[in-house]
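Notes for the one structure printed next.
The values are calculated or read from the model by the stated rules, or taken from the named source; none is laboratory data. None of these values were measured; they are calculated from a predicted model. Glycine gets a Cβ as well: all are built from the backbone with ideal geometry, and neighbour counts include every protein chain shown.
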């Protein structure tokens, strides 16, 4: 059995794609008998330690947060005191990455590269040389899809040390949902995610306005965020407010029921900040066909155009509308794509498969060191 430490900025009960992924992985590793520690910062400020599902969680004191990066003076020292067999650093979190890079001569490390830095370009200009050193120093780099390796300027030169490990979904949980919203005779589109610029919610609203007036269709707009008010106003300006319901936050417990309420899931993302699209996996596990955009990231790896859904160029509402119309008027095709997606989620995106592939990376790193 191995001693494993996961390094990132936040952990459960903070909710987010990376946070959820780390928890799934850490819980599974602890259940296998590994000694698992998670080192993060504490949003409450003060240092804390606790056991969660057999995982030791160390929360370093947090001084402040700058450009979505929690700052902690004690974080590097806490990491230096730990003596794991494998250090698994989750990118992006510069404090964690640099703390481990300074220890590189003492022990090997693996980096899970979740996303390029997209928004904080000013900071990236200064961090860029250090980031390339951090990546070059890693024994292996874990990436969710080969699409992302080939399209990232940071990963493409290091493709030989990248290991492709798709994210996992609990397909059984999402396959068993009961509708949260009753059917009303209309073809039902679903969106789920934070209301942020890169999710492309405004493009989806504009696509709704371009659908034929007589097409019986509605959109259940799940999630919340800073752009909710702006997107609600846009729906009113375009006259489609009667076709769109902003349902707000949906709890994790009722999420499978939300997916069970729809006929088609749409993720109209417009930026590489959408690195993979776990919501697409969840929707596929629920048996829904998916409509995604081609970003050169994991979205068009998860959704196979013409097989499990449709993929269209980003920021083109007219093409979104055309794909929605095609699927809304061809129920047999919709069902066929949904079934293929559900089978793929079961076959290729299970938690057991993800954990097995990560363990293989650990074993390769350990073997190289001996």
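Values for this structure:
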item	result
Selection within the stretch 1-49 - over 30 Å from residue 192 (Cβ atoms) and free of Cβ contacts under 8 Å to residues at least 24 places away in the same chain	45, 46, 48, 49
Of all residues making up the stretch 2-44, the number that are closer than 20 Å to residue 275 by Cβ and assigned to a helix (DSSP H, G or I)	9
Residue among 217, 240 that alone is closer than 19 Å to residue 190 by Cβ and touching a residue at least 40 places away in the same chain (Cβ under 8 Å)	217
Total residues in the stretch 141-170, condition farther than 30 Å from residue 259 by Cα, at pLDDT 95 or above and surrounded by 21 or more Cβ atoms within 10 Å (Cβ to Cβ)	2
Residue check, residue 256 in the same structural domain as residue 223 (by TED's automatic domain parsing) and in a helix (DSSP H, G or I)	yes
Some residue of the stretch 161-182 being in the same structural domain as residue 356 (by TED's automatic domain parsing) and farther than 24 Å from residue 344 by Cα	yes
Subset of the stretch 287-297 [over 20 Å from residue 198 (Cβ atoms) and either in contact with a strand residue (DSSP E or B) (Cβ under 8 Å, 6 or more places away or on another chain) or assigned to a helix (DSSP H, G or I) (or both)]	288, 289
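A quick yes/no check of all residues on (1) surrounded by fewer than 24 Cβ atoms within 10 Å (Cβ to Cβ); (2) over 23 Å from residue 315 (Cα atoms):
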residue	(1), (2)
245	yes, no
250	yes, yes
257	yes, yes
268	no, no
281	no, no
